[in-house]
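Take a look at the structure set out below.
Every number in this text was worked out from the coordinates using simple rules, so none of it is lab data. Please read these numbers as outputs of a predicted model, since none were measured by experiment. FYI the Cβ positions are ideal-geometry reconstructions off the backbone, even for glycines, and counts take in every protein chain you see.
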Amino acid sequence: MTSIDAEGALRVESAEEMRELGRALGARLQPGDVICLRGELGAGKTTLTQGIAAGQGVSGTVASPTFTLVHEHPGEVPLFHLDAYRLESSEELWDLGFEEYLRAGGSIVVEWCDRVADALPDERLTLLLQHAGDARLVSLLPHGERARALAAALRQEWEGRRRP
Ligand SMILES: Nc1ncnc2c1ncn2[C@@H]1O[C@H](COP(=O)(O)OP(=O)(O)O)[C@@H](O)[C@H]1O
Ligand SMILES: [Mg+2]
């Protein structure tokens, strides 16, 4: 993937920090929120999702859904974790039942969302993960008012946190 301008991106030094960022995001998610993850293989998308699940307080182990395509994690606000890596078109996302997931009262994380760009809702927070040596840069790309608020709160929390 061509790297895009990562100016203003959050710097994430380790997998543990990636989970920490995910927890901060997950704790803020509400039913209907859609989180889209972009970044090449190994960028940290699944690791971030593990943190989101922890922050959202859902049960179950978060693994890469590459082969099963969708993992459902029950909870007060359930988490639907999708991987679009193997999808050929947005149509196939609908075939997976994306519409029902959107209406199911949970939050949704879509890895490889750029593969199904046409099917993504107007309101969504995209996170672009890029390698920066051994660390990662995470760009927040909000679409819509809700996502902008989420991104601003997450950035503020991340930049203001204490480092060990
Ligand atoms: N911020 C980070 N810094 C260093 N390593 C990371 C970071 N985030 C994740 N990793 C590591 O990168 C590898 C790939 O992560 P993974 O979440 O599986 O990527 P993806 O789902 O994007 O393919 C894992 O070994 C993970 O521990
Ligand atoms: Mg993955």
222 nm mean residue ellipticity, helices alone, for the chain (DSSP H n ≥ 4; -39,500 (n - 2.57); rounded to 500): -9500 deg cm²/dmol
Pairwise centroid distance, computed over Cα atoms, of segment 12-70 with segment 91-129, Å: 14
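Sorted by average packing, counted as other Cβ atoms within 10 angstrom per residue and highest first, what order do 20-29, 120-129, 148-157 take? Please report the intermediate quantities before stating the final value.
Values: 20-29: 21.5, 120-129: 19.5, 148-157: 15.3.
Peptide ranking by packing, descending: 20-29, 120-129, 148-157.
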Dipole magnitude (debye, nearest 20) for segment 10-160, charges at Cβ of Lys, Arg, Asp, Glu: 400
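Return the Rg/Rh value of the chain, two decimal places, where both radii are evaluated on C-alpha atoms and Rh is the Kirkwood radius.
Values: Rg = 14.5 Å, Rh = 15.6 Å.
Ratio of gyration radius to Kirkwood radius: 0.93.
For GLU99 and ALA63, calculate 0.36 nm times their separation in residues minus their Cα-Cα distance, and state this gained length in nm to one decimal.
Numbers: separation 36, 0.36 × 36 = 12.96 nm, distance 2.26 nm.
Extra length from GLU99 to ALA63 when fully extended: 10.7 nm.
Treating only the Cβ of Lys, Arg, Asp and Glu as charged (+1, +1, -1, -1), what charge dipole size does segment 58-113 show about its Cα centre? Round to the nearest 20 debye. Write down the numbers at each step before the final one.
Working: 2 positive and 10 negative charges, 40 e Å.
Its charge dipole is roughly 200 debye.
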Protection proxy ranking of 69-76, 39-46 - average other beta-carbon atoms within 10 Å, highest first: 39-46, 69-76
FRET E, pair ARG86, ASP122, Förster distance 25 Å, beta-carbon r, rounded to 0.05: 0.50
Antiparallel %, DSSP beta bridges [both residues in segment 10-160], to 5: 55
Global geometry of segment 57-100, whether rounded, prolate or oblate, following the gyration tensor of its Cα atoms and the 1.5 cut on a/c: oblate
Nearest 10 degrees, 0 to 90: helix 45-56 Cα axis against the chain principal axis: 90
Nearest-ten-degree value, helix 15-26 long axis tilted from longest Cα axis of the chain: 60
